[in-house]
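Note sheet for the following structure.
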Amino acid sequence: MRSLRMKLVMIMVLLIIALMIVVASFLINGVGSFYLGEFYEQMGTSFSEDFLLRLTDAAADGPENLYELVMAQSDLAIDLGSRNAYILDENGAYLCGSTDEAEFGPEITDNILTAMTGQVGQDRSIINSYMDVAIPISSGDNEYIVYIRDNKQTVDNLNSQIIMIIFQSLALGLVICVVLSFLLAEIMINPIERLTEGTMRVAEGDFGERIEVHSRDEISVLTENFNEMAGVLQSTMDEINSERDKLSTLFLHMTDGVVAFSRNGDVIQSNPASARMLGREMDENVAYDDIFGSITSLEEILDQSGSEPISAQMKVGKSDLELSLAPFSADESQGGVLAVIHDVTAQRKSEEMRREFVANVSHELRTPLTNIKSYTETIIDAGDDLPPDMKASFFGVILSEADRMTRIVQDLLTLSRFDYGKMEMNFSDFGIAEAVQNVYNAVIIDAQNHGHELLLEMEKDLPVIHADKERMEQVIMNIVSNAIKYTPDGGRIELSAWTMGEKVSISVSDNGVGIPEEDQPRLFDRFYRVDKARSREAGGSGLGLSIVKEIVQAHNGVIDIRSKQGEGTTMTVTLPIKR
């Protein structure tokens with residue numbers, strides 16, 4: 001009975017049964033009412049005034065004559081089967097009749113009682129099992145009651161036939177009803193079943209398949225609306241998935257760390273950046289108090305609804321982190337605290353480097369300016385008393401310091417052009433062997449002056465590269481010059497070049513003092529010097545290697561340093577042969 005098909009069949013069956021019962025009731029009541037009316041109309045017509053006078057005259061001769069006259073009246077339709085006639089005395093006692101006294105029985109009906117009072121008893125009732133009429137007849141001292149009674153056998157027979165017909169019709173109607181109801185159920189249920197299957201597919205996330213429409217009834221309209229709804233859902237889900245993918249990609253790859261905590265302090269969401277910054281996995285075993293409990297309590301943040309988030313700082317290892325803590329829902333059953341983590345280590349390092357850069361620039365320029373001012377004041381104060389040779393020496397120092405300032409300013413301008421992408425490169429095709437040879441020829445005398453052994457090893461048939469020849473010679477020159485400066489006198493320096501596939505490498509090796517391991521990562525920082533005193537003594541500003549790195553990167557090359565303190569340094573520049 002849970003099936004809509006069976007419910008529809010049962011409703012149709014109950015409907016036809018109820019309809020047949022109603023029809024049977026109306027027919028049976030109609031037949032009974034019809035025969036009841038016909039009986040009393042027939043009695044009224046038969047017992048006319050003329051016939052009543054004849055009955056009165058016959059009553060004077062006794063009840064038998066009265067009975068014979070009644071039986072002779074054909075309009076009464078006395079058939080001795082279902083309709084009988086009786087002659088009763090004034091007290092309703094049986095005198096004679098179409099049946100014997102035993103069949104008449106002792107029953108005194110309402111109509112007989114009425115006739116005993118001298119009135120015609122003709123009350124009718126459809127619920128009685130008989131129809132009767134009682135007519136009082138008075139003749140002198142003789143008083144009788146003519147009693148006509150019909151036992152409704154004709155009505156009962158007709159009703160039986162009607163009931164039989166009703167049952168036969170009911171049986172045939174039930175068969176037809178069941179067949180039609182099944183057909184109707186199929187017509188109605190099949191589209192509903194297709195809709196049910198469609199809703200199940202939609203519930204499972206399949207919005208693509210559409211339900212076929214075979215008619216133009218209300219269910220078909222519902223099906224079309226369902227198809228349209230599925231299409232809208234498909235489009236909406238596609239948009240939601242697209243936005244979710246975007247947010248998920250943004251969440252997973254954003255540089256800032258994000259951690260969401262429940263109101264109980266459990267981690268409910270986090271991105272990889274947060275785990276990397278905090279140096280721990282964000283799993284179910286981690287709680288708010290384990291990470292940020294020492295900064296502020298969870299309850300304090302939850303009480304910040306509608307106000308500014310709480311900002312804080314913390315240090316994890318060598319990283320400096322800035323935190324922004326705020327509640328993301330005021331609902332008692334949901335929500336929690338959202339922590340946004342920003343790594344400011346590089347920013348603070350950059351600020352520190354900027355301050356250090358300003359300090360280094362000031363220091364580098366102040367030293368030559370101080371020397372220039374001192375020697376100039378000496379020359380002015382001494383006037384003509386200063387010997388010519390000493391004056392020339394002083395002017396030489398002033399010129400040297402001015403040249404030093406010029407080199408520093410030029411190097412700073414060069415780096416500034418690289419920073420703003422305005423450094424122009426004059427690319428051309430040239431042989432890398434020629435550039436290496438030029439540098440070797442330029443520094444050989446300086447190397448010999450320090451007692452160094454400068455060796456040149458180049459692979460045969462070095463290729464022609466596409467680069468800025470002047471800048472490449474500047475790179476090689478700077479590296480070789482550093483090797484000469486920072487290698488104790490009498491050292492060994494090797495300049496070599498070779499090819500590796502589509503790349504060419506230039507290497508400078510020395511057996512000098514080497515570079516401490518902790519200083520190597522900062523070797524290309526501006527104004528950074530390992531041995532500051534010796535660098536200034538050698539005339540270095542700490543900008544040469546910074547410029548070298550910028551030039552190499554502008555040529556899509558790389559520079560590699562391998563050094564061990566006390567054993568020497570090897571710097572290798574690798575460039576693509578073709579730009």
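Charge dipole of the chain (Cα centre as origin; +1 on each Lys and Arg Cβ, -1 on each Asp and Glu Cβ, all else neutral): 4680 debye, rounded to the nearest 20. The packing ranking, built from the mean of other Cβ atoms within 10 Å per residue, places the peptides 166-177, 384-395 in the order 166-177, 384-395, highest first. Once the Cα-Cα distance is subtracted from the 0.36 nm per residue extended length, the ALA77 to ASN157 segment shows a gain of 27.0 nm. Averaging the sequence gap over all C-alpha pairs within less than 8 Å and six or more residues apart, then dividing by the number of residues, gives region 127-195 a relative contact order of 21 percent. Residue separation of SER242 and LEU19 scaled by 0.36 nm, minus their Cα-Cα distance, works out to 74.2 nm of gained length. With a Förster radius of 60 Å applied to the C-beta separation of ILE268 and SER428, the computed FRET efficiency comes to 0.45. Taking all protein chains as present, what is the carbon and sulfur share of the accessible area of the chain, in % to the nearest whole number, probe 1.4 Å? The computed percentage sits at 53. Would you work out which of LEU222, LEU172, ALA203 lies farthest towards the positive end of the dipole of region 151-223? Charges go on Cβ: Lys and Arg +1, Asp and Glu -1. Of the listed residues, the answer is LEU172. Each of TRP498, GLY81, THR367 was scored by the projection of its Cα onto the charge dipole of the chain, and the greatest displacement toward the positive side belongs to THR367; charges sit on the C-beta of Lys, Arg, Asp and Glu. Most tightly packed first, judged by the mean number of other beta-carbon atoms within 10 Å of their residues, the peptides 546-556, 263-273 read 546-556, 263-273.
With a Förster radius of 30 Å applied to the beta-carbon distance between GLU352 and VAL316, the computed FRET efficiency rounds to 0.95. With respect to the chain, whose longest principal axis is taken over its alpha-carbon atoms, helix 49-59 is tilted by about 50°.
Charged side chains reduced to their Cβ positions (Lys and Arg at +1, Asp and Glu at -1) give region 106-205 a dipole of some 360 debye around its Cα centre. Shape analysis of region 408-506 places it in the oblate category; the axes a ≥ b ≥ c from the Cα gyration tensor give an a/c of at least 1.5, with a/b not above b/c. Among ARG348, ARG354, the sequence by solvent-accessible area, most first, with a 1.4 Å probe is ARG354, ARG348.
Run the numbers on region 43-201 and let me know its relative contact order in percent, using alpha-carbon pairs under 8 Å that are six or more apart.
RCO, region 43-201: 19 percent.
On a 0 to 90 degree scale, rounded to 10, what angle separates helix 218-253 from the longest Cα axis of the chain? The two axes meet at around 20 degrees. Taking every DSSP helix (H) stretch of at least 4 residues in the chain, weighting each as -39,500 (n - 2.57) and dividing the sum by the residue count yields a mean residue ellipticity at 222 nm of -17500 deg cm²/dmol.
Positive end of the dipole of the chain, charges at C-beta (+1 Lys, Arg; -1 Asp, Glu), about the Cα centre: which of THR414, THR296, LEU278 has its Cα farthest in that direction? Toward the positive end, the furthest listed residue is THR414. Taken as Cα centroids, region 232-283 and region 145-221 sit 58 Å apart, rounded to the nearest whole angstrom.
Judged by the ratio a/c of the largest to the smallest principal axis of the C-alpha gyration tensor, the chain counts as prolate, that ratio being 1.5 or greater while a/b is larger than b/c.
Rounded to the nearest 10 degrees, the inclination of helix 388-419 to the longest alpha-carbon principal axis of the chain is 20 degrees. A 1.4 Å probe run over the protein chains yields, for the chain, 58 Å² of accessible area per residue, whole-number rounding. So what is the relative contact order for the chain, in percent, with contacts set as C-alpha pairs under 8 Å and at least six apart? Relative contact order, the chain: 7 percent. Each Lys and Arg contributes +1 and each Asp and Glu -1, all at the Cβ; summed about the Cα centre of region 374-468, the dipole is approximately 200 debye. The stretch between ASN225 and ARG366 holds 42.4 nm of extra length on full extension. This uses 0.36 nm per residue minus the Cα-Cα distance. In terms of packing, defined here as the mean over residues of other Cβ atoms within 10 angstrom, the peptides 195-206, 504-515 line up highest first as 504-515, 195-206.
The values are calculated or read from the model by the stated rules, or taken from the named source; none is laboratory data. This one's a predicted model, so the numbers in the text were calculated from it and none came from an experiment. Heads up, the Cβs are rebuilt from the backbone with ideal geometry, glycines too, and the neighbour counts pull from every protein chain shown. Side chains included, ligands, DNA and RNA excluded: accessible areas come from the protein's heavy atoms. Shrake-Rupley method; radii C 1.70, N 1.55, O 1.52, S 1.80 Å.
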